[in-house]
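Here the structure is laid out as structure tokens; the discussion comes afterwards.
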Amino acid sequence: MLRSWRMKLKLLLATVTLAILLSWLYLFVGSLEYGRFLLLPPCLSEQPSRDVEREALASRVRRVEEENQQLRLQLGQAQAEGSDGSPQWGASAEDGDPPGGERSNRTACPKQWTVHKCELLHVAIVCAGHNASRDVVTLVKSILFHRKNPLHFHFITDSVAHRILQMLFQSWMVPSVHVSFYNADDLKAGACTPFPEVSWIPNKHYSGIYGLMKLTLTKALPSNLSKVIVLDTDITFATDIAELWAVFGKFSDKQVIGLVENQSDWYLGNLWKNHKPWPALGRGFNTGVILLLLDRLRRLGWEQMWRLTAERELMSMLSTSLADQDIFNAVIKQNPALVYRLPCFWNVQLSDHTRSEQCYTELSDLKVIHWNSPKKLRVKNKHVEFFRNLYLTFLEYDGNLLRRELFGCASLPSPPSDQLQQALEELDEDDPCYDFRQQHLTQHRIHLFFLQYEFLALPNPTDVTLVAQLSMDRLQMLEAICKHWAGPISLALYMSDAEAQQFLRYAQASEVLSARRNVAYHIVYKEGQFYPINLLRNVALANTQTPYVFLTDIDFLPMYGLYDYLRNSIQQLELTQRKAALIVPAFETLHYRLTFPKSKAELLSMLDMGSLYTFRYHVWPKGHAPTDYAKWRTATVPYRVAWQPDFEPYVVVRRDCPKYDQRFVGFGWNKVSHIMELDAQEYELLVLPNAFMIHMPHAPSFDISKFRLSAGYRGCLQTLREEFHQDLSRRYGAAALKYLTAERSL
């Protein structure tokens, strides 16, 4: 192969030399002829025929020069590939490539750089806030869908995104995926001002301080990390990311940054009168997709390089308009040899008035789609429908399907995953209750704080959060609850990926829900055949901030003013000094339309008239009978009640109360077991005299139908109850024997 290449190179050199000699010969002959014309008298010069000859000669010279240019281009490419296998940036810039990187789509027979199937690929993403955390999930799905290699994601985050993404990946448990987090606040290096690395840079871009964080990656990422792909959160992959990783092999010795040319006219400065962009090389480059050779950048003194450039340009520009992109371009303008021009299909930029359509001749050419317009899916492009469908495919794609092992590659160590797999393997498939036990061990993906939520800086010591869970069929209750409860709410929603997007659209379109910033929505993604009710409750409970929680169900409406009443009761009863559970008496109506009582007196009147009932008195009186409704009618102060079998009131307790037992899935004993454990821990059960809640009617759930129709279902529930009693006895000793005795006496 080497010998063949040398012969081709010699042939090219010989051809170029011959062409140059011929061109000079033509020129020399033409000069002699023209000199003879000057010496002869006009009458003897045969002027018309000589003019024709000169024109023909000039045409031949131009043609030869064009051939020479083509030969020099081929020779330059051959030399570049022969020296290190990497095309030179200078050749791409100087040889007249069409703008926008079109040439890259027509390169004939490029050298193919391969990535070993088990090579670990590194991806860095800056992510801050609730919205970006949602966007990054779609990006990650598109990468995981196509990938064949182990991946290591490096997230530079604020505290919100860190909390969200850490739980998401921990619960996702995707094989051969490792995740590291880097707190952006840590980059302050002991300074009093957050982000001193970039906070001094005025930035007009909507991304704020986080839009500048990519400049700091040489410092933020581990020093032993040599190269990384850097992505914006509004990216969608249409191919295997390993193809992009392979481009690192095409970098020359001087190239350290791989970028796609900017596809808008922003850096040309002609968008409007007096438009003055930051300096850039030609059209400039877009930083939505970046290949960084970190080790080379560190040796070049990247931090000092970009800081000095930014300081110099800010003297006249005063601020950045496109955040880090302006500074990257200013550095490249001064140091053009640093950049490797990526083909533009690696960053098809879908903003208005871009040249993105020149990046592909067919839709199959697409590699990466970049929704870099504020309009996002509403951007103008003749193929936008295709792009939108591709994006929506990953947006609503079932993330559980991406938990697949990579063929032929050893998975990265994951103790939680290994322990879960071992527990599943130990289950007896012949056990009649196998499905219940498998559901208990199912690992659900969890996306915390799915919508914007304002965290409390310093919660009031008597503040209380309403905690509940729901699925798609109870979504209509949300607005009513928000109207009845002004305080913070923590909700766990059991949904598929597609349903989560429907909920998002519903919440954003609702005036009531969109106006609230103290309602936390936590998505628990569907998996398995049973409703994991106690897992949902635990997720909502674990992500509250207030010292106290009101543990309720989504189909109950609290009385107006209950939030303030509970806070006052907590203070008056000095709950900070005692272990107590405050019971909110539960009632129900069979009418879908109800004039909600404004006071206890109105409720008692409706109770007497038969438009309200004590909760479940006609089907399950044992569940709430210990509340002692007869006493409540005349009570003016809280009163204590004793635990009784099957008691399941709705209570207000401290946030650090026992968790719900997650073995109980579907219908039955999910609240009963929790109240039993509160009693085992010696919680006082106190009924509040002026509090109430009303259950609203709805169609029966699928799980209660299974309970009623299946003897096997009821038998397994009894088995789980007995096992719970045994576990309770092990934890609390002789004190727990009363529960088993009480059960057997029934």
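Please enumerate the residues belonging to segment 527-540 that are in a helix (DSSP H, G or I) and closer than 14 Å to LYS671 by Cα.
Just the residues of segment 527-540 that are in a helix (DSSP H, G or I), to begin with: 533-540.
Across segment 527-540, the qualifying residues are ILE533, ASN534, LEU535, LEU536, ARG537, ASN538.
Do we have THR239 as surrounded by fewer than 23 Cβ atoms within 10 Å (Cβ to Cβ), part of a helix (DSSP H, G or I) and among the hydroxyl-bearing types (Ser, Thr, Tyr) here? Criteria not met by THR239.
The residue of segment 211-224 that is farthest from GLN255 (Cα to Cα), among those that are more than 20 Å from the chain's Cα centre (by Cα) and open to solvent by less than 10 Å² (accessible area, probe 1.4 Å), is THR216.
Where helices (runs of 4 or more DSSP H) fall wholly inside segment 293-410, the ranges with 2 or more residues that are free of Cβ contacts under 8 Å to residues at least 40 places away in the same chain, charged (D, E, K, R) and farther than 27 Å from PRO150 by Cα are 302-317, 384-395.
The residue pairs whose first member lies in segment 222-250 and is within 30 Å of TYR206 (Cα to Cα), whose second member is buried (at least 17 other Cβ atoms within 10 Å of the Cβ) and acidic (Asp, Glu), and whose beta carbons are closer than 7 Å, counting only pairs six or more residues apart or on different chains, are THR233/ASP135; ASP234/ASP135. The residue list ARG296, ARG312 contains one member that is of a type in the set (Lys, Arg) and modelled with pLDDT of 95 or more, which is ARG296.
Residues to consider are GLN572, GLN577; find the one that is open to solvent by 20 Å² or more (accessible area, probe 1.4 Å), modelled with pLDDT of 95 or more, more than 19 Å from HIS484 (Cβ to Cβ) and within 46 Å of the chain's Cα centre (by Cα).
On the way: GLN577 fails: modelled with pLDDT of 95 or more.
Going through GLN572, GLN577 in turn, the sole match is GLN572.
Residues considered: SER605, SER611. Of these, the only one that is of a type outside the set (D, E, K, R), surrounded by fewer than 17 Cβ atoms within 10 Å (Cβ to Cβ) and at pLDDT 95 or above is SER605. Residues of segment 292-332 being surrounded by fewer than 20 Cβ atoms within 10 Å (Cβ to Cβ) and at positive phi, which ones? Matches in segment 292-332: GLY301, LEU318. Taking segment 654-697 as the range and being more than 25 Å from GLY715 (Cα to Cα), touching an Asp or Glu at 6+ places or on another chain (Cβ under 6 Å) and either of a type in the set (Phe, Trp, Tyr) or part of a loop (DSSP other than H, G, I, E, B) (or both) as the test, the residues that pass are PRO658, MET696. When LEU470, LEU478 are screened for being under 19 Å from ALA498 (Cβ atoms), part of a helix (DSSP H, G or I) and assigned by the TED database to the domain that holds PHE664, only LEU478 passes. Within segment 589-602, the residues that satisfy the criterion of being more than 15 Å from TYR560 (Cβ to Cβ) and loosely packed, with under 15 Cβ neighbours inside 10 Å are LEU590, HIS591, TYR592, ARG593. Residue check: TYR565 meets all listed conditions (1) aromatic (Phe, Trp, Tyr); (2) under 23 Å from LEU475 (Cβ atoms); (3) open to solvent by 20 Å² or more (accessible area, probe 1.4 Å) but one, namely (2).
When ASN670 is tested against (1) open to solvent by 20 Å² or more (accessible area, probe 1.4 Å); (2) under 26 Å from TYR563 (Cβ atoms); (3) of a type outside the set (Lys, Arg), exactly one condition is not met: (1). Considering only segment 468-495, state which residues are open to solvent by 40 Å² or more (accessible area, probe 1.4 Å) and touching a residue at least 12 places away in the same chain (Cβ under 8 Å). Correct list: MET472, ASP473, GLU479, LYS483, ALA486. When residues in segment 147-169 are screened for being open to solvent by 30 Å² or more (accessible area, probe 1.4 Å), modelled with pLDDT of 95 or more and under 22 Å from GLU396 (Cα atoms), 2 of them pass.
The values are calculated or read from the model by the stated rules, or taken from the named source; none is laboratory data. What you see is a predicted model, and the numbers here were worked out from it, not measured in a lab. Glycine gets a Cβ as well: all are built from the backbone with ideal geometry, and neighbour counts include every protein chain shown. In case anyone asks, the SASA skips ligands and DNA or RNA and just uses the protein heavy atoms, side chains included. Shrake-Rupley method; radii C 1.70, N 1.55, O 1.52, S 1.80 Å.
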